[in-house]
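The structure appears below as structure tokens.
The values are calculated or read from the model by the stated rules, or taken from the named source; none is laboratory data. Bear in mind that the values here come from a model prediction, so they are computed numbers and not experimental data. Cβ coordinates were reconstructed from backbone atoms using ideal geometry, including for glycine residues, and neighbour counts include every protein chain displayed. The area values use the complete protein model at the heavy-atom level, side chains included, leaving out ligands, DNA and RNA. Shrake-Rupley method; radii C 1.70, N 1.55, O 1.52, S 1.80 Å.
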Amino acid sequence: MSQDHELQRAKELLLAGDIIGLPTETVYGLAASIRNENGLKRIFSIKERPFFDPLIVHICDLEQKGQVIREWPLLADVLAKKFWPGPLTMVLPKHPQLNPLITAGLDTVGLRLPNHEVARAIIRLTGIPLAAPSANKFGKTSPTKAEHVLKAFPKENIYVLDGGQSDVGLESTVITFAIVPNEVPVVSILRPGAITADMLDAALKESGITARLERKTSNESPGHTEHHYMPSIPLLIIEQEQTQMKRSTWDQICADFELPPSSRGAELRLDPNPRLAARALYIRMRECVENGAAFIYVLKRKEQTDGMWDAIWDRLQRAASRVYT
Ligand code: AMP
Ligand code: MG
């Protein structure tokens, strides 16, 4: 865990307009002070992230939200009390003074209170919320260990706070609200994550508020592009009944990706427990690449649909170059 002097150093960098590697329970972030435009610009430039993709703002306690948003609906309060600190991002009306770079010019901002001691400690010490996307080049696999951040940006000399391996291993659930007077409010899931639809549904019911929960196709979320989280070699999804890929599919993959017929493919095996599968997902993808495979394949099981499988398969679909049936 990070020591006091490391947190102090990170704070100095953030206040000076630099960026740091931020451990969170979802994935590692590249963080800048929401008040420092140089830091914010640096996030986009080193990630090669398009400016239309908004950043999530991280706070250390509920009091800090007033620096980021201008409205706090009852629904947000209920869900925050249930799931914060934790892997839930809520899209809310932005504070008028919040830098538009953070929100890609939108009138809303993604807000989250992370469940990671080091993340909260550095935000508290700095006294300013931190804008942080995942600490990888745009569209590539997210980092779940400090060393992944250093590897992604070998020349940039980024100061990374080491908070151990990210416990969740997948990006946060992102939700947005549609609240219209005299109508049933709608909670929409823009990006599935560890806070699942069932968990949100149960929390809403328990609160006694009538609300409708819906799952948007995540393409409606800015920046959530069809291809994302991609490893540096092709990843293929195999939807076949067998427990092994057909030989003919193997040959087809080699032909499709112009690989020699004897090329080695690495199977990405998912733990049957979705929480464990999620935690290890990006690490397994990296291992397959590092072991020198020419491609990665993952067998899709029909039963892997509910709960956290939704998030896992959302990421795999976006990371995949092709699906074979
Ligand atoms: P990440 O790169 O993992 O930090 O993810 C940030 C993602 O959160 C963006 O790509 C959007 O999908 C979502 N997001 C952030 N802010 C907003 C917003 N104001 N409206 C809708 N989605 C947002
Ligand atoms: Mg990202």
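Computed values, structure above
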quantity	calculated
Condition met for residue 232 (closer than 30 Å to residue 292 by Cβ and modelled with pLDDT under 95)	yes
Residue match in the range 197-205 (condition: of a type in the set (D, E, K, R), away from ligand 1 (no atom under 16 Å from the Cβ) and touching a Gly at 6+ places or on another chain (Cβ under 7 Å))	yes
In the range 235-254, the residues that are in contact with a helix residue (DSSP H, G or I) (Cβ under 8 Å, 6 or more places away or on another chain) and open to solvent by less than 10 Å² (accessible area, probe 1.4 Å)	235, 236, 237, 238
Single residue of 187, 168 found to be among the β-branched types (Val, Ile, Thr), closer than 20 Å to residue 115 by Cα and either in contact (Cβ under 8 Å) with a residue 12 or more places away in the chain or crowded, with 19+ Cβ neighbours inside 10 Å (or both)	168
Residues of the range 255-270 satisfying the condition of being open to solvent by 30 Å² or more (accessible area, probe 1.4 Å), within 30 Å of residue 53 (Cβ to Cβ) and assigned to a loop (DSSP other than H, G, I, E, B)	257, 270
Selection within the range 97-153 - out of contact with any strand residue (DSSP E or B) (no Cβ under 9 Å at 6 or more places or on another chain) and either away from ligand 1 (no atom under 15 Å from the Cβ) or within 26 Å of residue 77 (Cα to Cα) (or both)	97, 104, 105, 115, 117, 121, 124, 125, 127, 145, 151
Residue count for the range 56-92, restricted to those that are buried (at least 16 other Cβ atoms within 10 Å of the Cβ) and either farther than 20 Å from residue 200 by Cα or touching a Gly at 6+ places or on another chain (Cβ under 6 Å) (or both)	13
Unique match (being open to solvent by 10 Å² or more (accessible area, probe 1.4 Å), in contact with a Gly (Cβ under 7 Å, 6 or more places away or on another chain) and within 11 Å of ligand 1 (Cβ to nearest atom)) among 160, 174	174
Near pairs, Cβ below 8 angstrom, 6+ apart or cross-chain, from the range 225-236 (among the charged types (D, E, K, R)) to any residue that is open to solvent by less than 40 Å² (accessible area, probe 1.4 Å)	226/318
Every residue from the range 206-229 that is under 30 Å from residue 106 (Cβ atoms) and open to solvent by 50 Å² or more (accessible area, probe 1.4 Å)	210, 212, 214, 215, 216, 217, 219, 220, 222, 226, 227
Residues of the range 159-204 classified as within 16 Å of ligand 2 (Cβ to nearest atom) and either over 18 Å from residue 216 (Cα atoms) or more than 13 Å from the chain's Cα centre (by Cα) (or both), total	4
Test: residue in the range 94-104 that is in contact with a helix residue (DSSP H, G or I) (Cβ under 6 Å, 6 or more places away or on another chain), part of a strand (DSSP E or B), among the basic types (Lys, Arg) and surrounded by 18 or more Cβ atoms within 10 Å (Cβ to Cβ)	yes
Filter result for the condition that a residue is in a helix (DSSP H, G or I), within 16 Å of ligand 2 (Cβ to nearest atom) and either closer than 22 Å to residue 187 by Cβ or touching a residue at least 40 places away in the same chain (Cβ under 8 Å) (or both), over 149, 57	149
Residues (more than 14 Å from ligand 1 (Cβ to nearest atom), assigned to a helix (DSSP H, G or I) and crowded, with 21+ Cβ neighbours inside 10 Å) located in the range 21-49	39
Residue in the range 301-318 that is over 29 Å from residue 202 (Cβ atoms) and in a loop (DSSP other than H, G, I, E, B) present	no
Considering residues of the range 109-127 that are outside any helix (DSSP H, G or I) and buried (at least 18 other Cβ atoms within 10 Å of the Cβ) only, the residue nearest to ligand 2 (Cβ to nearest atom)	110
